[in-house]
Amino acid sequence: MFYFENILKVLVIIVPLLVSVALFTVAERKILSSIQRRRGPNVIGIFGLLQAFADGLKLLVKETILPSSANKALFILAPLVTFFLSLIGWAVIPVNEASVFSDLNVGILYLFAISSLGVYGIIISGWASNSKYAFLGALRSAAQMVSYEISIGFIIINVILCSGSLNLSAVVLSQKSIWFCIPLLPMFILFFVSCLAETNRHPFDLPEAEAELVSGYNVEYSAIGFALFFLGEYGNIILISSITVLLFIGGWLFPFFSTLSGSLCFSIKTFFFIALFIWVRAAFPRYRYDQLMRLGWKVFLPFSISWVIFTASILSCFNWYILCFWIFLILYLLVLICFLLVSLGFY
């Protein structure tokens, strides 16, 4: 009975997630087509909603081609690793106060570990393909993900300092009076941009830049292998959007509409960040690789470290309201300085 309940809990998490990934692909194509003033998928199903399932069926029945010079065992293992890691992160994500598979006291550390392992699927695929393009894409991805994981770690330390816990449910409950995106606004912005780089999304999709790498690390994959990479990438986007909601936007808490169910509030907030991921893809050009590395190491990392020291100092000496006052005063001064520089012609 115990094993049956656990299997049922796993299915309750995985099945809606896979359906959400399928609908995410349709939503992305619909939103991009609307921004670009063209028609999106509109043939298969009502309003084209079944397009993702048709694409999945097509990939499922296609022939799986294994390159003759590839390391076949690792070549098959790589997409499975990427897909599996995108699922097991959901074990500690609370969509409601009582709706979580495993309410770990070190849930944030668990997510750190899973996100750090995510790079191995890409590295293995690039190396096992025995292709220069795939290997270059894998190396880019490794450097990019490691660079921005460090900044994400220091940003999350700010949240841990403010909540006093590594448990995700406790982090959400500590935001009853104020969401952390308000006192930690600069860190919130840095976290979202770092998540774009961590998930290899535009404008930081250098590992799969079509112009120079011909699709990057997954260039040799077809059929179900390519589908698993695809599912893993979009599953990670939904996961990182959920983590953003939990850490900065109050999770299932919604102060002005307390009658709404927690799961519905959580879903609305998560979909908002998924829509932001799609909008950024349509709105911004791709970075060069040197710009990407410079932004991560010379801007985000020093700024996030200094903000950890600032947050710890303010919280140890004062309280929440003083922290909010100093943050908004600093932001006001920064905006004023930027305005003066632009108006005087220094930029």
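The values are calculated or read from the model by the stated rules, or taken from the named source; none is laboratory data. Keep in mind it's a predicted model, so treat the numbers as computed, not measured. Virtual Cβ from ideal backbone geometry, glycine too; neighbours counted across all protein chains shown. Heavy atoms of the whole protein, side chains included, go into the accessibility calculation; ligands, DNA and RNA do not. Shrake-Rupley method; radii C 1.70, N 1.55, O 1.52, S 1.80 Å.
Below, the figures for the structure above:
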read-out: Top positive-direction residue, dipole computed over the chain with Cβ charges, set Val61, Ala113, Val280; value: Val280
read-out: Charge dipole (the chain, unit charges on Cβ, about Cα centre) - positive-most of Ala227, Val308, Cys162; value: Ala227
read-out: Peptide ranges 55-68, 268-281 listed from the most packed, as the mean C-beta count within 10 angstrom indicates; value: 268-281, 55-68
read-out: About the Cα centre, charge dipole magnitude for the chain (Lys/Arg +1, Asp/Glu -1 at Cβ), debye; value: 640 debye
read-out: Inverse of mean 1/r across different Cα pairs in the chain, Kirkwood, Å; value: 21.7 Å
read-out: Anisotropy class of segment 1-111 from Cα gyration tensor, a/c 1.5 cut; value: oblate
read-out: Per residue, in Å², the accessible surface of segment 125-200 once ligands and nucleic acids are set aside, probe 1.4 Å; value: 34 Å²
read-out: Rg in Å to one decimal, and Dmax rounded to a whole Å, for segment 55-94 via C-alpha atoms; value: 14.1, 45
read-out: Out-of-range pairs (alpha-carbon distance over 31 Å; input Lys62/Lys132; Lys132/Lys298; Lys30/Lys62; Lys30/Lys176; Lys30/Lys72; Lys58/Lys132); value: Lys30/Lys176; Lys30/Lys72
